[in-house]
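The structure appears right after this line, and notes come after that.
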Amino acid sequence: MRLISIFILAFALVIGVNQASASPVETFEFNDEVTKIRFQALSKELRCPKCQNQNLADSNSPIAQDLRKELYELLQQGKADSEIVDFMVSRYGEFVLYRPRVSALTYVLWFGPVVLILIGIIVVIVVVRRKPADKKALVLTSEQQDKLKDLLNDK
Amino acid sequence: MGKLIRFLPLILVIALGVVLYRGLSLNPQDMPSALVGKAMPAFSLVTLNDSEKTVSQTDLVGDIVLVNVWATWCPTCKYEHPYLVDVAKDPQVKLYGLNYKDDRDAAKKWLEHYEDPYVFSIFDEEGTLGLDLGVYGAPETFVIDHHGVIRKRFAGAIDTRVWRREFEPLIAQLIEEKKQGK
């Protein structure tokens, strides 16, 4: 029992250490809890322009550090989330958004999967409905019926 | 019709293969700049060589301008440097430097040691202009027309091949536009 708890403790420590080393080491002082939560949400939502598959919260690259600082300052200035997102997009393009906005350029991205599912459903419906029609073809014509009877009677 | 449907999955797989194969040769770092077509952002910064001299976006208007983002901490900038020296010899374009998040003394020494191709270098120690330009690394080069509108952003090193492919046609076009007084 004791051994198990030591294992669990060690495991928790390893995980804790890993998480600590994965997150960047800056400290920002926030006036209130809401701003802090907004900061965390935005830095997860915004993508690091240099390291393409990391968000600002994850990345330790110099540009991500700069952008976190900028994000912090914009929040301190009392900017709204949408203003901050516009600020970033006007400089780094739509690319910085992990959830791209709905526009003519991103219609395929947003609605493609829905369209594909609809096509799939239509295909399934068509295939299922065609079955009875195939069965009809299995019904013998009267000539064939007669022939069958002959064959059976021969036996 | 029935036969064609039988081949449909094969056709779809081939089409998907072609799309994915094309994707292999695309450069994911190649992002269009959000600033193309927009005016050069406003700034007021000192030059690298003279900490008393303040320059702003108006100093860049009137000519076909290249703004090259560079720093001494950037190895690729060293690679690109001799090509920039060549570019600077072209009287039809003006090459300005944007010394990005760098140490002033180190940057000055660099320009003394190699050659200074720039009309002047803007000294952007904090990276504020860099941020407004959407710079996320160095080197990057912006092409600005004679109205002060950003026409191109190129991330990466310039060499003869890149210059011919990416810059020469655009600059020829801009020179033409300027001649026609557009």
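Any read-out appearing in this document is the output of simple, stated calculations on the displayed coordinates, not a laboratory observation. Just so it is clear, the structure is predicted and the values come from calculations on it, not from any experiment. Counting neighbours? That spans all protein chains shown, and the Cβs are built from the backbone with ideal geometry, glycine included.
Rounded to the nearest 10 degrees, the angle from helix B:75-88 to the longest Cα principal axis of chain B is 70 degrees. A:K149: which lysines have alpha carbons under 24 Å from its alpha carbon, excluding same-chain residues fewer than 8 sequence positions away? Within the straight-line cut-off, A:K149 pairs with A:K135, A:K136. Using the Cβ-Cβ distance between A:D150 and B:K3 with R0 set to 45 Å, the FRET efficiency from 1/(1 + (r/R0)^6) comes to roughly 0.80. A simple spin-label model places pseudo-atoms 7 Å from Cα toward Cβ; at A:I37 and B:T54 they are separated by 4.3 nm.
Where is the GNM fluctuation largest for chain B (alpha-carbon springs, 10 angstrom cutoff): B:G156, B:G37, B:G148? The residue with the greatest mean-square fluctuation here is B:G37.
Give B:K78/B:K108; A:K69/B:K101; B:K53/B:K178; B:K53/B:K78; B:K78/B:K101 a once-over and call out the pairs whose C-alpha atoms are over 20 Å from each other. Write out the running numbers ahead of the final one.
On the way: B:K78/B:K108 14 Å; A:K69/B:K101 15 Å; B:K53/B:K178 29 Å; B:K53/B:K78 26 Å; B:K78/B:K101 16 Å.
In this structure, B:K53/B:K178; B:K53/B:K78 lie more than 20 Å apart at Cα.
Using R0 = 22 Å, the C-beta based FRET efficiency linking B:I11 and A:I122 works out to 0.75.
Near the amide H of B:I64, within less than 5 Å, lie the amide hydrogens of B:K94, all on another chain or at least 5 residues away, with H placed in the peptide plane. The simple Förster model, with R0 at 25 Å and r as the Cβ-Cβ distance, assigns B:A172 and B:N27 a FRET efficiency of 0.55.
Ignoring aspartates and glutamates fewer than eight residues from B:K152 along the same chain, the ones with Cα atoms less than 16 angstrom from its Cα are B:D30, B:D63, B:D132, B:E140, B:E166, B:E168, B:E177.
Any idea how far the Cα center of segment B:115-170 sits from the one of segment B:16-37, in Å? Each part reduced to its Cα centre gives a spacing of 21 Å. Each Lys or Arg adds one and each Asp or Glu takes one away; over the other residues whose Cβ falls under 13 Å from the Cβ of B:H113, this sums to -1. Amide H to amide H distances under 5 Å link B:V46 with B:V55, B:F123, where only residues 5 or more positions off or on other chains count and H is placed in the peptide plane.
With respect to chain B, whose longest principal axis is taken over its alpha-carbon atoms, helix B:2-24 is tilted by about 20°.
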